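Everything below concerns the one structure shown next.
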Amino acid sequence: MFRFFLIISTFFFVSLALRFWNLGQFNTLVFDEVYYAKFANNYLTQTPFFNSHPPLTEYLIAIGIWMGSWFPASPDITNNLTGSWHSTVSYRWLNALTGSFFPIILGAIAYQLTHRYSYTIIVTFLATLEGLFLVESRYALNNIYLVNFGLLSHLLFLLFINQKKYLCLTLSGIFLGAASAIKWNGLGFLLGIYLIIFIVYLSQKLKHLFDSRNLGIVENINCLKPSLLLFNLLVIPMFTYSILWLPYLLLNPEYSWWEIHQKIWSFHQSIGDSSDVHPYCSKWYSWLIMARPIAYFYEKINTPSGTIIYDVHAMGNPILWWLATGSILIFSIFMIVTLFKQKYNPYLSVILFIIINYFANLLPWTLVSRCTFLYHYMPSYSFSLLGIGLIIEQCLISGLIINRRLGIILLLLISFAFIYWLPIYLGLPLSLRGFDLRMLPNWI
């Protein structure tokens with residue numbers, strides 16, 4: 001037990017160090033920081049504004065700026081946050097701290113699914129080596145809050161299922177509402193839980209296929225009162241979401257709750273879907289292979305010794321990304337074969353959880369016509385990390401030496417890829433050749 005907590009703690013401190021290392025190195029608003037950081041500052045200066053997303057992100061960044069005002073700021077730091085003077089770190093540090101917990105939360109979900117230390121360690125390790133989540137954590141953006149709140153809702157839901165602590169179910173509903181108050185696509189996490197409950201209620205004929213020792217989801221959900229689920233997973237999320245709008249509505253009294261939602265809907269409907277809208281737009285199916293990452297920062301400096309490039313791309317660990325997508329394909333085929341043959345498998349409950357949540361967060365994007373970006377895939381991708389983690393763990397504990405070697409090779413490849421692309425995640429200086437070697441043509 002001590003060894004397990006030591007390993008997990010090490011991953012956390014690595015995650016923390018990576019996110020806080022030289023956090024204020026680029027003294028400029030990066031990508032959508034021009035919206036989120038400025039809007040957050042509007043709460044501090046009491047300046048009315050229109051926000052095209054629910055307001056919770058800006059509240060959190062505003063708290064970070066307010067607390068960050070205690071940080072020392074050197075005279076050369078000016079961030080164009082109207083009416084204020086802040087250290088660059090002040091509007092980024094809370095995102096970095098929040099993002100540091102992503103590997104821990106995902107690892108905790110892995111443990112609640114299987115109660116195995118080996119699986120938990122591998123998933124936590126993989127999440128620590130994920131580049132997109134690292135980049136998103138280092139800037140004042142909203143996606144890391146969305147994913148962490150959504151995953152916390154699922155962790156608490158699993159704790160409720162496994163331990164019957166009703167407070168966990170209530171807290172799950174609160175975090176589901178909070179995720180939706182970051183972005184509307186936070187509803188994908190709620191949809192995932194709904195689909196799990198729905199399928200379990202319909203699966204009485206398949207009850208013999210599930211392993212209640214790993215995840216007693218069939219037995220435990222079936223014994224719950226529908227009214228209990230309805231209150232905690234519908235009423236509480238709706239109440240949480242609605243109440244979180246109050247500070248925004250008080251700052252912008254010209255809008256009612258209904259009017260601001262209509263305006264947000266109209267705004268997103270008016271956004272086109274082409275490179276004319278944004279050069280890094282990408283279709284949902286391209287996310288599966290990370291065909292179009294997003295350049296957040298780029299600067300070329302000519303020096304006497306050569307050209308130096310500082311680049312930050314919102315992109316994942318390529319090897320881990322492609323393996324994770326492969327795991328979803330494998331598990332999808334596995335589910336179809338298992339259900340067709342009506343054959344028991346001890347991992348069916350775990351795989352069902354992964355597959356349902358993956359597609360619940362992905363498939364709604366097939367109906368979206370506006371310009372979308374790679375970071376919209378982050379909720380689905382989180383669950384695919386659970387998938388590749390399960391495959392690697394099974395390789396490492398296999399009785400066949402070839403499987404164990406395969407598991408080790410995959411971990412080494414993922415680790416090497418993270419180190420190789422780390423300059424792109426952290427914005428470290430690269431030579432022109434070094435940059436070109438790390439970029440596929442469609443990534444630039």
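Laid out as a table, the results:
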read-out: Dipole magnitude (debye, nearest 20) for the chain, charges at Cβ of Lys, Arg, Asp, Glu; value: 1320 debye
read-out: Under 18 Å from the Cα of LYS263 - lysines, other chains or at least 8 residues apart; value: LYS183
read-out: In sequence order, calculated HN-Hα J values of the range 46-59 (Karplus, 6.51, -1.76, 1.60; Hz; x Gly/Pro); value: 6, 9, x, 6, 9, 10, 7, 10, x, x, 4, 4, 5, 4
read-out: The chain: relative contact order as a whole-number percent, Cα under 8 Å and 6+ apart; value: 18 percent
read-out: Space enclosed by the convex hull of the alpha-carbon atoms of the range 335-444, per residue, Å³; value: 164 Å³
read-out: Largest to smallest accessible area among ASP311, ASP436, ASP273 [probe 1.4 Å]; value: ASP436, ASP273, ASP311
read-out: ARG433 versus SER332: modelled label distance in nm, points set 7 Å from Cα along the beta carbon direction; value: 4.1 nm
read-out: The range 220-353 - Debye-derived log10 I(q)/I(0), Cα point model, q = 0.11, 0.14, 0.18, 0.19 Å⁻¹; value: -0.91, -1.13, -1.11, -1.11
read-out: Residue with peak Gaussian network fluctuation, the chain [Cα springs, cutoff 10 Å], from SER398, SER380, SER242; value: SER398
read-out: At 1.306 mPa s and 10 °C, Stokes diffusion of the range 84-153 via Kirkwood alpha-carbon radius, µm² per second; value: 124 µm²/s
read-out: Helix-only mean residue ellipticity at 222 nm for the chain, each DSSP H run of n ≥ 4 adding -39500 (n - 2.57), per residue, nearest 500; value: -19000 deg cm²/dmol
read-out: Karplus-derived HN-Hα couplings along the range 5-15 (A = 6.51, B = -1.76, C = 1.60, θ = phi - 60°), whole Hz, x at Gly and Pro; value: 5, 5, 5, 4, 5, 4, 4, 5, 5, 5, 4
read-out: Net lengthening on full extension, SER52/ASN302 (0.36 nm per residue, minus Cα-Cα); value: 86.1 nm
read-out: Long pairs among LYS38/LYS283; LYS164/LYS225; LYS165/LYS225, criterion Cα-Cα beyond 22 Å; value: LYS38/LYS283
read-out: Whole-angstrom gap from the range 114-142 to the range 248-326, using each part's C-alpha centre; value: 20 Å
read-out: Those trypsin sites (Lys or Arg not before Pro) in the range 151-189 that DSSP places in a loop and that have at most 15 other beta carbons within 10 Å; value: LYS164, LYS165
read-out: Linear extension gain, HIS278 paired with LEU412, 0.36 nm per residue minus alpha-carbon span; value: 44.7 nm
read-out: Nonlocal amide H pairs with PHE297, under 5 Å, H built at 1.01 Å; value: VAL312
read-out: Listed residues VAL34, VAL89, VAL277, most fluctuating in the chain (Gaussian network, C-alpha, under 10 Å); value: VAL277
read-out: DSSP-loop chymotrypsin sites (Phe, Trp or Tyr not before Pro) across the range 260-316, with at most 15 other Cβ within 10 angstrom; value: none
read-out: ³J(HN,Hα) computed for each position of the range 176-185 - Karplus, 6.51 cos²θ - 1.76 cosθ + 1.60, integer Hz, glycine/proline x; value: 5, x, 5, 4, 5, 7, 8, 8, 5, 6
read-out: Amide hydrogen neighbours beyond the local backbone of THR307, cut-off 5 Å, H modeled; value: LEU432
read-out: q = 0.10, 0.12 Å⁻¹: log10 I(q)/I(0) that the Debye formula gives for the chain, counting C-alpha atoms only; value: -0.74, -1.07
read-out: Directionally averaged projected area (convex hull, Cα atoms, the range 339-399), nm²; value: 5.7 nm²
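The values are calculated or read from the model by the stated rules, or taken from the named source; none is laboratory data. Treat the numbers as computed from the prediction; the structure is a model and nothing was measured. Positions of Cβ are generated from backbone atoms using ideal geometry, with glycine treated the same way; all protein chains shown enter the neighbour counts. Keep in mind that these areas ignore ligands, DNA and RNA; they rest on the heavy atoms of the full protein, side chains included. Shrake-Rupley method; radii C 1.70, N 1.55, O 1.52, S 1.80 Å.
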